[in-house]
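Written out below as structure tokens is the structure these notes cover.
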Amino acid sequence: MPSSLDPRKTARKTRYAVAGLIGAGLLASAAAVSALPSADHDVPAAGARVAAVTEQVAAVAPESAPVRAAALKPAAAPEQAAPEQAAQEKAAPAKPQKVTKTVMLKGHTTASYFWDDSSGRAGDTGLPASGKPMQKGMIASPSWPLFTEGYVIYKGKKAKFFVGDRGPGVPSSSGVMIDLDAKTFADLTGGTFNPDTLGVDGNGGEGHIKVDYVITKWGDGPGKKNHPVPFSAGAWNKRDSDPAKPVQITVKP
């Protein structure tokens, strides 16, 4: 007569019973280890014991081993939990801050160009009014004091200047308040300075451009320390006792 007990069910129950006993022992061991003082707590050794018991549980009851192993796995330290995130935060570049700068004056006008080399080829009658030889970076102004310093901006391009001559003459009455040197004008407009004609070639025939100007330092001599006025006003020959108030501008860091 066959036995009422199925050997396969009996073996399975035995494995579950053994797994339960080993698991209970493992939990008791882990509790005992965590209760030890921190000075005597050997974390690596405890981890090794946990791993050994976990292997025994897996051998008896493979179905339950992954769950118990996950439950008994030591928690990662906070600094080790997300190393990639920490690295990304450290590598993130700081946002550039806005920089403000104090200048004497800012505005916009129309600019032409000249090159006064005293040869008479471009209609000049001698050296520039400042006595300095014609050079790149020199401009002519109808009213600013000689040796005033600043820069112009045209389509994102920036060019420094100093006032070294007087002009434009008649064109200043029509709003052309700056005469740039021909070499700077060529750089700003994408052309080429022609040393034979003292003009600018290859820029599509541009002779006048709209520019923004910034004055960073006033010259000491006669002249209007404010927005330019036509040459015919005679401000270039008068000392200004009421200069424009300095202004704040935002510049790239």
| task | For the range 193-206, just list the computed ³J(HN,Hα) in residue order, Karplus coefficients 6.51, -1.76 and 1.60, θ = phi - 60°, integers in Hz, with x standing in for Gly and Pro. | result | 6, 9, x, 7, 9, 6, x, 10, 10, x, 10, x, x, 5
| said: Please report the accessible area of Arg166 (heavy atoms, 1.4 Å probe, ligands and nucleic acids excluded) in Å², nearest 10. | reply: 50 Å²
| note | Of the residues Val99, Ile139, Leu180, the Cα lying farthest along the dipole of the range 99-199 towards its positive end, which is defined by charges on the beta carbon of Lys, Arg, Asp and Glu, belongs to Val99
| task | Give, in nm to one decimal, the length gained when the segment between Thr216 and Lys252 is fully stretched (0.36 nm per residue of separation minus the Cα-Cα distance). | result | 11.4 nm
| message | Can you give me the long-range amide H partners of Gly137? Hydrogens built in the peptide plane at 1.01 Å from N, cutoff under 5 Å, separation of 5 or more residues or another chain. | response | Asp181, Thr184
| field | HN-Hα J in Hz across the range 155-171 - Karplus 6.51, -1.76, 1.60, θ = phi - 60°, x for Gly and Pro | value | 6, x, 8, 10, 9, 6, 8, 9, 7, x, 7, 9, x, x, x, 4, x
| query | Using a simple charge model, +1 on the beta-carbon of Lys and Arg, -1 on the beta-carbon of Asp and Glu, nothing else, what dipole does the range 94-253 show about its Cα centre, in debye to the nearest 20? | reply | 940 debye
| request: Could you go through the range 232-246 in sequence order and give the Karplus-derived ³J(HN,Hα) for each residue, using 6.51 cos²θ - 1.76 cosθ + 1.60 with θ = phi - 60°, rounded to whole Hz, and x for Gly and Pro? | output: 5, 6, x, 5, 5, 10, 10, 7, 9, 9, 9, x, 5, 6, x
| said: Per 0.36 nm of contour for each residue apart, how much would the distance between Lys155 and Leu127 grow if the chain were fully extended, relative to their Cα-Cα spacing? | reply: 7.0 nm
| message | Please report the accessible area of Thr110 (heavy atoms, 1.4 Å probe, ligands and nucleic acids excluded) in Å², nearest 10. | response | 20 Å²
| query | Viscosity 1.002 mPa s, temperature 20 °C: Stokes-Einstein D of the range 101-223 from its Kirkwood Cα radius, in µm² per second? | reply | 149 µm²/s
| Calculated over the range 163-224: convex hull of Cα atoms, volume per residue (Å³) | 121 Å³
| One-quarter of the Cα convex hull surface for the range 145-186, in nm²? | 3.4 nm²
| task | Give the residues of the range 128-154 whose amide nitrogen is closer than 18 Å to a point set 7 Å from the Cα of His108 in the direction of its Cβ. | result | 151-154
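The values are calculated or read from the model by the stated rules, or taken from the named source; none is laboratory data. None of these values were measured; they are calculated from a predicted model. Glycine also receives a Cβ, built like all others from the backbone with ideal geometry; neighbour counts cover every protein chain displayed. Areas reflect the complete protein model, heavy atoms only, side chains present, ligands, DNA and RNA absent. Shrake-Rupley method; radii C 1.70, N 1.55, O 1.52, S 1.80 Å.
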